[in-house]
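As structure tokens, the structure follows; a few thoughts come after it.
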Amino acid sequence: MFQYDEKAWKDDKQGCYSIQAVMPVYGAMSGFSLEQGRFLDPLDQQHAKRVIVLGNKAIEQLFPSRQAVGQSVKIAGLSYQVIGALKSSMSLVSIGMPADYSCYIPLSSYREVKPQDHFYELFISPNPGVHRKQLVDTIRQILLRHHGLDIDDHQQIQSYDARESHQSITKFLVGLQVFLGVIGFISLAVAGIGIANVMLVTVRRATRDIGVRMALGARDHHILLHYLLQAMITVCSGGLLGILMTSAIVWAVDQLPWVASFTMPLGNRIPCYQYWY
């Protein structure tokens with residue numbers, strides 16, 4: 001694939017985006033979801049069509065009405081027809097570029113404009129059952145030989161395994177959930193002990209009132225029910241207040257503009273390798 005930053009124009013509207021020149025299979029490998037239209041197909045690649053799939057932010061800035069399919073945009077003086085628009089996503093593509101700010105054109109149409117450029121990234125999705133470590137070594141050796149480099153030099157061509165990264169993040173999140181679960185259990189235990197002590201003090205202070213009630217005909221279960229209801233109201237009120245406060249804090253943090261750059265949804269990611277050199 002090729003990647004370059006360029007301005008895109010639509011009438012009096014413009015924006016700077018990451019233009020990705022890719023093969024049609026890249027859409028399936030990345031797991032993109034379309035809001036409208038379609039992704040690149042083999043005919044676009046075969047005939048070097050000047051078509052483009054816009055990221056969500058490009059749609060928002062260039063087409064406020066969000067009716068982009070069939071329209072055209074200009075990039076570096078060339079006109080590209082919009083064939084699709086991606087749904088908003090916090091995923092990162094290529095070298096850490098947000099997917100919402102990326103646009104995609106056929107690789108062949110880019111090669112017609114700049115045939116002298118060389119690839120700097122290669123995405124590979126292994127078939128099921130393939131030994132991933134051997135695949136990495138084989139591809140690296142092929143690329144090193146092609147460029148006339150030492151096949152034992154692992155610094156010239158670097159690789160990134162999305163599945164390994166996904167597994168590492170998943171393990172970290174599971175560990176974090178277990179840790180938070182233990183903290184939550186301890187907090188509940190401490191709260192339970194605190195409530196029990198408060199109720200004990202309350203009952204001791206109300207000994208005279210309890211005696212008066214029993215003298216007037218109240219039974220043991222009446223007294224017990226009264227204080228159980230009092231404890232339940234206290235617990236539910238505190239729990240509801242805590243949930244409301246937590247929800248408000250989470251909502252407020254989620255509205256901050258910089259939060260999206262620190263998050264990446266896991267989802268059902270398609271494992272692939274990324275090479276750059």
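We did not get these values from a lab; they are worked out from the coordinates using the rules stated. Computed from a predicted structure; not experimentally measured. Neighbour counts run over all protein chains shown; Cβ positions are idealised from the backbone, glycine included.
Some values worked out for this structure:
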quantity	calculated
Difference of contour (0.36 nm per residue) and Cα-Cα distance, Ser187 to Thr207	4.2 nm
Between 0 and 90°, nearest 10: helix 162-205 axis offset from the chain longest Cα axis	10 degrees
Rg to Rh quotient for the chain, alpha carbon positions, Kirkwood Rh	1.25
Order of Arg111, Arg140, Arg208 under a 10 Å beta carbon neighbour criterion, fewest first	Arg208, Arg111, Arg140
Degrees, to the nearest 10: 220-254 long Cα axis against longest axis of the chain	20 degrees
Between helix 132-146 and the chain: long-axis angle, C-alpha atoms, 0 to 90°, nearest 10	30 degrees
Centroid-to-centroid separation of segment 44-88 and segment 2-38 [C-alpha atoms, Å]	7 Å
Computed magnitude of the charge dipole of the chain (debye, nearest 20; Cβ of K, R +1, Cβ of D, E -1)	940 debye
Cβ-derived FRET efficiency at R0 30 Å, Trp251 paired with Ser168, nearest 0.05	0.55
FRET efficiency for Leu224 and Phe179, using Cβ-Cβ distance with R0 set to 51 Å, rounded to 0.05	0.85
